Amino acid sequence: MPRSPGMIELVDDIKLKTPEDAAEQLAKMPPDEIQFVLSRLNSEQANKIASHLAESATPEDQATRAVISGLEETVGELMTTTPAILPSSYTVAEALTFLVKSTDISEISYIFTTEEERLVGVVGMRDLLLAKPSQTLADIMLKKPFTFDPNTSVQEAVSEAMYRHYPLYPVVDNDGRIVGVVHGWKLYERIASEISGQAGSQYGVDKEEQISTSVLQAFRMRHPWLLINLVTAFAAAFVVGMFEDTITQVVALAVFLPVLAGQSGNTGCQALAITLRGITLGQLRDYPVRKLLRKEILLGALNGAIVGLIAGIAMFGYAMATESMQPLTLGIVIVLAMTGACIGSGIFGVMVPLVLKRFGADPATASSIFLTTFTDIIGMGLMLFLATIMIL
C-alpha cells in the first residue's frame, strides 16, 4: 500500500525510541497506521512495543487490540477511514478540486459517491480524468459496487478478495452508509500469514514463533505437541505389537514397514495441504467436501496401485533373495496394503483438518501429528493383517 513520506519517516523515528516511548506515540494513532509501523520493524522490537501498547489500550479500543495481537476476526476490525466520499451530484470539476485540496492524495484510489448519505457508486481515477468537467459523478460512476458488512468475518473477506482483486473494499452499515474501507493488501497479507504459518502449525509450531523467539518460549510452544505425538506413536506401536508373531515368522515384512509408512504418510500430507489451502482461501465454501473426498480417494487408489506395484516387485525380489516364505503372496500383500493405505491416507488428509475446525480448533494446528498416527495405524495394520490371513 502506498504511504506518504511522513509515515516512512515515522517508522525511522520509532526505530530509535525505547519501547515505552514508541508505544506512547503509537497509541495516539489509528489502528491501520499502528499496523503499518509495526510491520516495518523487526519482530523483537515490534513485540516489545506491542506489549506496551496492549497495556495502554482500553478495553473499548477493540480495533487497536486486534491489530496488536494480529487476530482481527471481522472486517470492522480491519477497516480504516474512507479518504474520499462525495455526493453523486458533484461534477467532475468539483471532484478534481476536492482532490487538489486533499492533504494526502496518495491514499485515494477511488471516490465513493453517495445519495442521501448512502453509498451508490464508485469512481476510479482513470474514469475521472477522462471525463468531461461538466459531467456529474453519477454519469461516470460504477453503480452498486461490491461492499462488506462490518461484521463480515476476515476469512470470508479473504475468499472474496481472491476473486475480485480490488485495492479497496467499501464497508457499509445496515442502512447502506459507508463507514470505512478495507485495503486489499491487508487481506492478502492475512492470506500470506495464514499460509506461511501452516507449514509449522502442522507440526505443532505456533504461528507466533519466529527465528528470534527465545529458547524457553519456543520450548513452551513446541513441547506439548511433541508429548501428544509420543502418545499417538504408542498407539501405532500397539497395533504393530498385535502382529508380533507375524513379523517374527515373516521377517521380510519388517523391512517394508518404513516404506509403507513413508508412502502413505506423504499421500496423506498432500491431501492435508490441499485441504488446508482450501480452508484458508475459502474454496471449500463452494466446493463440496464429498467431491474432494472422491478426488482424494481416486488419487490415493491410482498412486497407491502404481507405487504398490513397484514395491510389490521389490518385495518379491527381496523375498526370493532371502528365501522367505511365499514370495509371490508377499508381493501381492504389499500391493494391496499400499493401495489401501494411500486411499485411507487421502481420506484422513481431508477429514483431520475439517474435524478440528468443526470442534473449534485451528485446522492447521498439529494436523500432521494426528494424520501421521492414523496413516501409520491403517498402513502398517493393513499390511500385517493381510499377511496374517494370506500367509500364516
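Tabulated data
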| read-out | value |
| --- | --- |
| Restricting region 339-369 to residues that are in a loop (DSSP other than H, G, I, E, B) and in contact (Cβ under 8 Å) with a residue 40 or more places away in the chain, the residue that is surrounded by the fewest Cβ atoms within 10 Å (Cβ to Cβ) | Asp362 |
| Single condition Arg190 does not satisfy, out of (1) over 25 Å from Phe98 (Cα atoms); (2) touching a His at 6+ places or on another chain (Cβ under 9 Å) | (2) |
| Conditions (1) part of a strand (DSSP E or B); (2) more than 38 Å from the chain's Cα centre (by Cα): number failed by Val120 | (2) |
| Verdict on Asp175 being modelled with pLDDT of 85 or more, surrounded by fewer than 18 Cβ atoms within 10 Å (Cβ to Cβ) and assigned to a loop (DSSP other than H, G, I, E, B) | yes |
| Pairs with Cβ under 6 Å, 6+ apart, first in region 272-297 and surrounded by fewer than 18 Cβ atoms within 10 Å (Cβ to Cβ), second of a type outside the set (A, V, I, L, M, F, W, C) | Ile297/Gly346 |
| Glu189 vs. criteria surrounded by 14 or more Cβ atoms within 10 Å (Cβ to Cβ), at pLDDT below 75 and either closer than 21 Å to Arg40 by Cα or within 18 Å of the chain's Cα centre (by Cα) (or both) | yes |
| Any hit, region 134-141, residues being within 18 Å of Val172 (Cα to Cα) and surrounded by 14 or more Cβ atoms within 10 Å (Cβ to Cβ) | yes |
| Residue in region 261-268 that is part of a helix (DSSP H, G or I), under 22 Å from the mean Cα position of the chain (by Cα) and either surrounded by fewer than 18 Cβ atoms within 10 Å (Cβ to Cβ) or at pLDDT below 85 (or both) present | yes |
| Test: Val255 is assigned by TED's automatic domain parsing to the domain that holds Leu356, more than 33 Å from the chain's Cα centre (by Cα), surrounded by 12 or more Cβ atoms within 10 Å (Cβ to Cβ) and farther than 29 Å from Gln155 by Cβ | yes |
| Check on Val239, modelled with pLDDT of 75 or more, in contact with an Asp or Glu (Cβ under 9 Å, 6 or more places away or on another chain), farther than 30 Å from Ala46 by Cα and surrounded by 13 or more Cβ atoms within 10 Å (Cβ to Cβ) | yes |
| Residue, modelled with the highest pLDDT, within region 160-172, restricted to residues that are within 24 Å of Leu284 (Cα to Cα) and surrounded by 20 or more Cβ atoms within 10 Å (Cβ to Cβ) | Tyr169 |
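Let's see how each residue does on (1) within 21 Å of Pro170 (Cα to Cα); (2) assigned by TED's automatic domain parsing to the domain that holds Val154; (3) modelled with pLDDT of 80 or more; (4) surrounded by fewer than 15 Cβ atoms within 10 Å (Cβ to Cβ):
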residue	(1), (2), (3), (4)
Lys15	no, no, yes, yes
Asp32	yes, no, no, no
Asn47	no, no, no, no
Ala50	no, no, no, no
Pro59	no, no, no, yes
Glu77	yes, no, no, no
Thr91	no, yes, yes, no
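The values are calculated or read from the model by the stated rules, or taken from the named source; none is laboratory data. From a predicted model like this one, the values you see are computed outputs, not experimental measurements. Quick reminder, even Gly has a Cβ in these numbers, built from the backbone with ideal geometry, and neighbours come from all protein chains shown.
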